[in-house]
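The values are calculated or read from the model by the stated rules, or taken from the named source; none is laboratory data. Keep in mind the model is a prediction, meaning the values are calculated, not measured. Cβ atoms come from the backbone with ideal geometry, glycine included; neighbour counts cover every protein chain shown. Note: areas computed on protein heavy atoms with side chains; ligands, DNA, RNA excluded. Shrake-Rupley method; radii C 1.70, N 1.55, O 1.52, S 1.80 Å.
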Amino acid sequence: MQPYVPGEQPQGGKFIKLNTNENPYPPSPKVIAAIQEAAVARLERYPDPLGTAFRIRAAEVLGVEPDWILCGNGSDDILTIVTRAFVGSGEKLRLPYPSYILYRTLAQLQGAAWEEVHFNADFSLDTAFSEMHERLKLVFLPNPNSPSGTVIAPEVIAAFADQLDCPLLVDEAYGDFAEFNCIELVKQNPRIMVSRTLSKSYGLAGLRFGFLVAQPEMIQMLRKVKDSYNCDAISLAGATAAIDDQAWLLSNRAKIIATRESMAERLRALGFEVTDSHANFVWCTMRDRPVQPLYESLKRDKVLVRYMNYAGWGDGLRISVGTDDQADACIELLKSYMS
Ligand SMILES: Cc1ncc(COP(=O)(O)O)c(C=O)c1O
């Protein structure tokens, strides 16, 4: 099988890094303090296998009970646990296309098949997405989607889930940047699950922490599949402090959304087609000019963005929202190549 290849993480050289949708702002100082305390006091013991302190705090923030939450070593771990639990050899996983490339790797690792349902041109999804067939065991829906940043409304997702008789996981890795989310749907339908990450909105991609929200019976089942100590003491301490500091999250979110909107406007003025993003990145395509050379020129000038080429769909640049200065640098370079 082909391995999943994550975005480049250059370990040397001074890059402006706008290629893997990290947060340009650091995490809350309270996170650093909690990590330092855990490093001094908690490393000789195994961590809490269920992440109880995190679940209690997250439950208050989300308006659910702690037994509705499963902690993961990044949300990729959550996606792995759910795929392992539901999709066996010879069975099928459904995902929209183009979307997060990791999903198909997870199916392959299970010896399972995957079925890609193409988005419509406006990034809506039609009823093919909710058609049931015997071997279909799990459906993934990233919302907001990557690379497009577009969203499907919760009522449409609820209607899809009603048609399906297998679980539907709404991957809300970018959910904190959108105006709505699907947590309420989890309360209404035991087959709907929502995954979240602290990598993007909380500025903690380096820590590795994500979680799942699902009904308690589902969480109980999934606990059987996860590694006992899938989250270490450092990440549990940092994640608990992070979810506790909602003021920090909201202030960074506001800055990122403001920069995103100005980036989209300026990129459109340069001639890019830019979808309406509800995430912390923008998806830029061009009809009459290849964009790969622009990616290469940016890289040469030490600005990393993500060039994506989806077979049967097309290519584009996915540019993460940085600070205003980083966005300015990237857009000024693009302007200089195109003039
Ligand atoms: C749609 C989507 N889901 C999940 C993830 C995984 O996030 P993490 O494992 O850092 O929590 C990503 C990361 O880029 C993503 O784009």
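Give just the number: which of (1) open to solvent by 50 Å² or more (accessible area, probe 1.4 Å); (2) in a strand (DSSP E or B); (3) of a type in the set (Val, Ile, Thr) does Val139 not satisfy?
Unmet for Val139, out of (1) open to solvent by 50 Å² or more (accessible area, probe 1.4 Å); (2) in a strand (DSSP E or B); (3) of a type in the set (Val, Ile, Thr): (1).
With the condition kept exactly as written, say whether any residue in the range 270-279 is out of contact with any Phe, Trp or Tyr (no Cβ under 6 Å at 6 or more places or on another chain), open to solvent by less than 10 Å² (accessible area, probe 1.4 Å) and of a type in the set (Val, Ile, Thr).
Within the range 270-279, none of the residues are out of contact with any Phe, Trp or Tyr (no Cβ under 6 Å at 6 or more places or on another chain), open to solvent by less than 10 Å² (accessible area, probe 1.4 Å) and of a type in the set (Val, Ile, Thr).
Every residue in the range 64-83 that is more than 16 Å from the ligand (Cβ to nearest atom) and assigned to a helix (DSSP H, G or I), please.
Residues satisfying the conditions are Pro66, Asp67, Trp68.
Show the residue pairs that are 6+ apart or on different chains and have beta-carbon atoms under 8 Å apart, the first residue being within the range 117-137 and at positive phi, the second being part of a loop (DSSP other than H, G, I, E, B).
From the range 117-137, the pairs are Phe123/Asn145; Phe123/Ser148; Phe123/Thr150; Phe123/Thr275.
Take the conditions of a type in the set (Asp, Glu), open to solvent by 80 Å² or more (accessible area, probe 1.4 Å) and more than 25 Å from Phe180 (Cα to Cα) and apply them to Asp301. Does it pass?
Spelling it out, it is not the case that Asp301 is of a type in the set (Asp, Glu), open to solvent by 80 Å² or more (accessible area, probe 1.4 Å) and more than 25 Å from Phe180 (Cα to Cα).
Answer yes if at least one residue in the range 153-168 is under 30 Å from Trp248 (Cβ atoms) and crowded, with 22+ Cβ neighbours inside 10 Å, and no otherwise.
yes
Answer yes if at least one residue in the range 82-99 is open to solvent by less than 70 Å² (accessible area, probe 1.4 Å), without any contact (Cβ under 8 Å) to a residue 40 or more places away in the chain and within 24 Å of Leu212 (Cβ to Cβ), and no otherwise.
There is no residue in the range 82-99 that is open to solvent by less than 70 Å² (accessible area, probe 1.4 Å), without any contact (Cβ under 8 Å) to a residue 40 or more places away in the chain and within 24 Å of Leu212 (Cβ to Cβ).
Residue-by-condition table, conditions (1) of a type outside the set (Phe, Trp, Tyr); (2) within 29 Å of Leu250 (Cα to Cα); (3) within 18 Å of the chain's Cα centre (by Cα):
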{"site": "Gly51", "(1), (2), (3)": "yes, yes, no"}
{"site": "Arg57", "(1), (2), (3)": "yes, yes, no"}
{"site": "Pro66", "(1), (2), (3)": "yes, yes, no"}
{"site": "Cys71", "(1), (2), (3)": "yes, yes, yes"}
{"site": "Gly88", "(1), (2), (3)": "yes, no, no"}
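Hey, does the range 150-163 have a residue that's in contact with a Phe, Trp or Tyr (Cβ under 7 Å, 6 or more places away or on another chain) and modelled with pLDDT under 95?
No, the range 150-163 contains no residue that is in contact with a Phe, Trp or Tyr (Cβ under 7 Å, 6 or more places away or on another chain) and modelled with pLDDT under 95.
Would you point out which residue out of Gly206, Gly149 is part of a loop (DSSP other than H, G, I, E, B) and either touching a residue at least 60 places away in the same chain (Cβ under 8 Å) or more than 16 Å from the ligand (Cβ to nearest atom) (or both)?
Being part of a loop (DSSP other than H, G, I, E, B) and either touching a residue at least 60 places away in the same chain (Cβ under 8 Å) or more than 16 Å from the ligand (Cβ to nearest atom) (or both) holds for just one of Gly206, Gly149, which is Gly149.
Does Gly7 fit the bill of being on the phi > 0 side of the Ramachandran plot and open to solvent by less than 80 Å² (accessible area, probe 1.4 Å)?
It is false that Gly7 is on the phi > 0 side of the Ramachandran plot and open to solvent by less than 80 Å² (accessible area, probe 1.4 Å).
Does Val61 satisfy being away from the ligand (no atom under 16 Å from the Cβ), touching a residue at least 24 places away in the same chain (Cβ under 8 Å) and assigned to a helix (DSSP H, G or I)? Write out each step before concluding.
Numbers: away from the ligand (no atom under 16 Å from the Cβ): yes; touching a residue at least 24 places away in the same chain (Cβ under 8 Å): yes; assigned to a helix (DSSP H, G or I): yes.
Considered against the rule, which asks whether it is away from the ligand (no atom under 16 Å from the Cβ), touching a residue at least 24 places away in the same chain (Cβ under 8 Å) and assigned to a helix (DSSP H, G or I), Val61 comes out as yes.
Which of the residues spanning the range 169-203 are part of a helix (DSSP H, G or I) and open to solvent by 40 Å² or more (accessible area, probe 1.4 Å)?
Listed by number, the residues that qualify are Glu184, Lys187, Gln188.
Output the number of residues of the range 226-255 satisfying the condition of being among the hydroxyl-bearing types (Ser, Thr, Tyr) and open to solvent by less than 70 Å² (accessible area, probe 1.4 Å).
As a first pass, look at the range 226-255 and keep what is among the hydroxyl-bearing types (Ser, Thr, Tyr): 228-229, 235, 240, 251.
With the extra rule that they be open to solvent by less than 70 Å² (accessible area, probe 1.4 Å), the set shrinks to 235, 240, 251.
Final tally of qualifying residues: 3.
Look at the range 10-42 and say how many of its residues are open to solvent by less than 70 Å² (accessible area, probe 1.4 Å) and either part of a loop (DSSP other than H, G, I, E, B) or on the phi > 0 side of the Ramachandran plot (or both).
14
Consider Pro49 against the criteria (1) part of a loop (DSSP other than H, G, I, E, B); (2) open to solvent by less than 40 Å² (accessible area, probe 1.4 Å): it satisfies all of them except one. Which criterion is unmet?
With (1) part of a loop (DSSP other than H, G, I, E, B); (2) open to solvent by less than 40 Å² (accessible area, probe 1.4 Å) applied to Pro49, the lone miss is (2).
Restricting the search to the range 187-197, which residues are under 18 Å from the mean Cα position of the chain (by Cα) and touching a residue at least 40 places away in the same chain (Cβ under 8 Å)?
Met193, Ser195, Arg196, Thr197
Looking at (1) aliphatic (A, V, I, L, M); (2) more than 14 Å from the ligand (Cβ to nearest atom); (3) over 26 Å from Asp122 (Cα atoms), which is the one condition that is false for Ile192?
(3)
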